[in-house]
Amino acid sequence: MGDVFKALADPTRRTILDELADRDDQTLFEICSRLLTKHQLDSTRQAISQHLDVLEAAGLIDVRREGRYKLHSINRGPLEHIVDRWLDRS
Amino acid sequence: MRIYVTSVFVDDQAKAERFYTQVLGFQTKLDIPLGEARWLTVVAPDDPDGTQLLLEPDGHPAARPFKEALVADGIPFTSFAVADIQAEHRRLEELGVRFTQPPTEMGPTTTAVFDDTCGNLIQIVQLPEG
């Protein structure tokens, strides 16, 4: 598994997670549209695709194929491990 | 010069005619036999003299890989304007249409994306008033 902290270090990748937190099962097109129209992030589709690869390697998103579409959802698991490690001391 | 027709590649013209007329609500404008295929166009019922949509067979070997690559990434190659996108989304979902993106605010517009069952994703957009 890739490094969660390295994956989170990039502001565009954090914005992708912000948008995926709004709704599961987004296509690459929807993610690019959200970044462009809501955040004025005009990265290329290839660049966003590479960001998604990093997030997937870190376990922060799940990618699945449904029929002919490739859909992306946030996976909060690795973030919960961070909470368990440092914050959940009760 | 003006744009009178634009086309969408469909895997089956008869199925496409049913979907584009009975589900989406367009009406057939031209249906002319043309060899093995038909010159088959539809128009919006409230704009019968407006731009036509040609339901064009995707038989060329390059057409299907092109369509599949776009669909995998969720990219709609064709876009239609609607007056009330929420109402249209409800109406089409009740008719069994599969949306890859429900109505979502994208800056000043609201867009949604659905599967036309003929190998394409189609975007509908509600443009800002005025």
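The values are calculated or read from the model by the stated rules, or taken from the named source; none is laboratory data. For clarity, every value in this text was computed on a predicted model and none was experimentally measured. Cβ atoms come from the backbone with ideal geometry, glycine included; neighbour counts cover every protein chain shown. For the accessible areas, the whole protein counts, side chains as well, though only heavy atoms, and no ligand, DNA or RNA atoms are used. Shrake-Rupley method; radii C 1.70, N 1.55, O 1.52, S 1.80 Å.
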Listed residue (B:107, B:87, B:50) projecting farthest to the positive dipole end of chain B, Cβ model: B:50
Qualifying chymotrypsin sites (Phe, Trp or Tyr not before Pro) for region B:1-107 [loop in DSSP, other Cβ within 10 Å: at most 15]: B:4, B:77
Computed [θ] at 222 nm, deg cm²/dmol, chain A (DSSP H ≥ 4; -39,500 (n - 2.57); rounded to nearest 500): -15500 deg cm²/dmol
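Can you list the equivalent-ellipsoid semi-axes of the protein assembly as shown, largest first and in whole Å, using the square root of 5 times each Cα gyration tensor eigenvalue? Working shown, then result.
Values: eigenvalues 309, 68, 45 Å².
Rounded to whole Å, the semi-axes are 39, 18, 15.
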Theoretical gain in end-to-end length, residue A:79 to residue A:12 [0.36 nm per residue, Cα-Cα removed]: 22.4 nm
Accessible surface of residue A:6 - all protein chains present, 1.4 Å probe, nearest 10 Å²: 150 Å²
Mean Kyte hydropathy of -0.5 or more with a Cα span along the axis of at least 15 Å, helices from DSSP in chain A: A:28-39, A:45-57
Neighbouring partner chain Cβ atoms per residue of B:5-14, average, 10 Å criterion: 0
Residue A:62 paired with residue B:2, simple spin-label distance in nm, labels 7 Å along Cα-to-beta-carbon: 5.2 nm
For q = 0.17, 0.26, 0.28, 0.31 Å⁻¹, Debye-computed log10 I/I(0) when each Cα of region B:40-96 counts as one equal scatterer: -0.87, -1.11, -1.10, -1.12
Nearest 10 degrees, 0 to 90: helix B:85-94 Cα axis against chain B principal axis: 60 degrees
Long-range amide H partners of residue B:52 with built H, under 5 Å: B:5, B:6
Global form of region B:5-126, assessed from the alpha-carbon gyration tensor, a/c cut-off 1.5: oblate
Rounded if a/c under 1.5, otherwise prolate or oblate - chain A, Cα gyration tensor axes: prolate
For residue B:97, net neighbour charge (Lys/Arg +1, Asp/Glu -1) across residues whose Cβ lies under 11 Å away: -2
Average beta carbon contacts from partner chains per residue of B:99-109, 10 Å cutoff: 4
Share antiparallel - DSSP beta bridges, the protein assembly as shown, percent rounded to 5: 75 percent
Other protein chain Cβ atoms within 10 Å, averaged over every residue that makes up A:26-37: 6
